[in-house]
1. Of everything in segment A:74-92 that's in contact with a Phe, Trp or Tyr (Cβ under 8 Å, 6 or more places away or on another chain) and free of Cβ contacts under 8 Å to residues at least 40 places away in the same chain, which residue is farthest from B:Glu183 (Cα to Cα)?
2. If I filter segment B:275-305 down to residues being of a type in the set (D, E, K, R) and within 12 Å of another protein chain (Cβ to nearest Cβ), which single residue comes out as farthest from A:Lys259 (Cα to Cα)?
3. Is there a residue in segment B:67-82 that is under 19 Å from B:Val273 (Cβ atoms) and surrounded by fewer than 21 Cβ atoms within 10 Å (Cβ to Cβ)?
4. When you scan segment A:84-106, do you find a residue that is modelled with pLDDT of 95 or more, farther than 29 Å from A:Met137 by Cα and in contact with a Ser or Thr (Cβ under 6 Å, 6 or more places away or on another chain), even just one?
5. Test B:Ala269 against the criterion of being hydrophobic (A, V, I, L, M, F, W, C), farther than 24 Å from B:Ser165 by Cα and crowded, with 23+ Cβ neighbours inside 10 Å, and give yes or no.
6. Just checking, does segment B:16-34 include any residue being within 14 Å of chain A (Cβ to nearest Cβ), surrounded by fewer than 16 Cβ atoms within 10 Å (Cβ to Cβ), farther than 26 Å from B:Met146 by Cβ and not small (Gly, Ala, Ser)?
7. Determine which single condition A:Leu211 fails, assuming it passes every other condition in (1) farther than 23 Å from B:His301 by Cβ; (2) surrounded by 16 or more Cβ atoms within 10 Å (Cβ to Cβ); (3) not acidic (Asp, Glu).
8. Regarding B:Val218, is this residue of a type in the set (Val, Ile, Thr) and more than 21 Å from B:Asp12 (Cβ to Cβ)?
There are 2 protein chains.
Amino acid sequence: MSLLALGTVAIDTIETPRGTAERVVGGAATYIAWAASYFTGDIRIVSIIGEDFPDAELELLRSRGVDTSGIHLVNGGRSFFWKGRYHTDMNSRDTLETQLNVLQDFNPVLPPEYRKSDFLMLGNLTPSIQNMVLDQMEKRPGIIAMDTMNFWMDTAMDELKVVISKVDILTINDEEARQLSGEFSLAKAAREILKMGPRYLIIKKGEHGALLFDKDNVFFAPALPLYEVNDPTGAGDTFAGGMMGYLAGKGELTFENLKRAIIYGSAMASFCVEEFSINRLKSLSDSDIKSRINEFVKLVHFDME
Amino acid sequence: MSLLALGTVAIDTIETPRGTAERVVGGAATYIAWAASYFTGDIRIVSIIGEDFPDAELELLRSRGVDTSGIHLVNGGRSFFWKGRYHTDMNSRDTLETQLNVLQDFNPVLPPEYRKSDFLMLGNLTPSIQNMVLDQMEKRPGIIAMDTMNFWMDTAMDELKVVISKVDILTINDEEARQLSGEFSLAKAAREILKMGPRYLIIKKGEHGALLFDKDNVFFAPALPLYEVNDPTGAGDTFAGGMMGYLAGKGELTFENLKRAIIYGSAMASFCVEEFSINRLKSLSDSDIKSRINEFVKLVHFDME
């Protein structure tokens, strides 16, 4: 199945307690595509970049089977730039600088073949842009997933709710689930958010794992306790990319498939944070992934006798 | 197997966003004994109370097979009293009042039959008191577990480390694991703490579940997403009580048994927080517990195909 990913393709400068990376490759769509590329061969990105984005990185994506023809290059423009500093706990961070640059005038136009994509991942972006992409699809994709964040809840809640009402899977973190629902208990929050449209809600809790809810079921996916976290940037996007890549490989959205997809997403995210930028995602082998998945299986396995 | 529990038997006044409970039964040993009583019939408490502690509550414990002869009643004394207020997130709280009362002069003296107990649970108390109980054991118990907290790390680290060096299982929360080890990564923290003596370390993460480490393995026990949390007081003690009660029923300490014990402990803790004080622990049936355990099994179960 083909997977269309909307999201930023960007340049990041990242400071963590483990080091600094200056002007490295970032952006939600970048992480999503890299993670998904280990599970499916037909990935398309819709995004926008400036002249400062390195050609070689696009070439690398293409070598992984990613169609980059929907990444609009603005002549004379500069790519979206984010500079951030992570705190000791690696769970919180300060944004030191944001340059919207080419993103300011981003009106995504999907190439004709993109409009027939089987599955769609709406990476975290302005809800109106997420909606523009949805509107250009010729048929409703078999699975639509979306990621978003508190910033859009603060500034564009009405538009955000319109997009949420149209998707199958929503991924947000625990604080965002509380903000979106007005409920403190995550079980109650999930119940309220599922009434807004999505069939599945995934609550990402970082080092504490993730929760998957549908109307009748709940699943808890663990996070692997890691010895070394060097850079948490893109972990959530990598999670979404691994998950949607796995589903695109499988072709069918069931609770059982989604549970497996979330374990794959969690495994890919656990790799992502081991190195800065997308570096670890570039160097993975299938056996790396298989052995990491086995660690997840072992991590939560018990028999009650 | 017989289980000896050291800990407070106390009076609490508790304020949570869901309500207030004035002068209700509390204390680590109370919660431990109630939780363990669903799994084993031979439980002994060593503690101290004043005249204000209700006789009827001791009678109820005895009716559950708990030996209370090691609870020293101080004539004219008042029981340890704690008053606290939980914040909206139920994970953090302010202590409004602490009256040590009879606890100030607590020198535990074990009745002769207590000294032969098979298993020992050292509830959270001054390390020197935990050590006094250890020193009175005629033979080393088959399993020694201990709970402690950041307060003892701040005020009595040297003594604390002596006790830690003598136990099989240590239970602390994630912040305490970081403080005790000086490591931020919980995987690294566990590695360091296991060098201090314990064969097993359990890191309690409240609503995020618990991690079990030994030298070679790690296990992640989930917490059940709950619709209603009324009072988190005693959840950690209830977890320890369920765990040690299960182990006392089984008789053998292996990683696989300990995994199951932690699931039972988590299930008991999930009941504990549903009502104020020990109220929910008093009303449980075996089928309540069985069906809660099934929810835990379902919560983390997946097949990778």
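1. A:Ser92
2. The selected residue is B:Lys290.
3. Yes - at least one qualifying residue is present in segment B:67-82.
4. Taking every residue of segment A:84-106 in turn, at least one turns out to be modelled with pLDDT of 95 or more, farther than 29 Å from A:Met137 by Cα and in contact with a Ser or Thr (Cβ under 6 Å, 6 or more places away or on another chain).
5. Considered against the rule, which asks whether it is hydrophobic (A, V, I, L, M, F, W, C), farther than 24 Å from B:Ser165 by Cα and crowded, with 23+ Cβ neighbours inside 10 Å, B:Ala269 comes out as yes.
6. The answer is yes; a qualifying residue exists.
7. Every condition holds for A:Leu211 apart from (1).
8. yes
The values are calculated or read from the model by the stated rules, or taken from the named source; none is laboratory data. Computed from a prediction, not measured in an experiment: that's the story for all the values here. Reconstructed Cβ throughout: ideal geometry from the backbone, glycine too, with neighbour counts over all protein chains shown.
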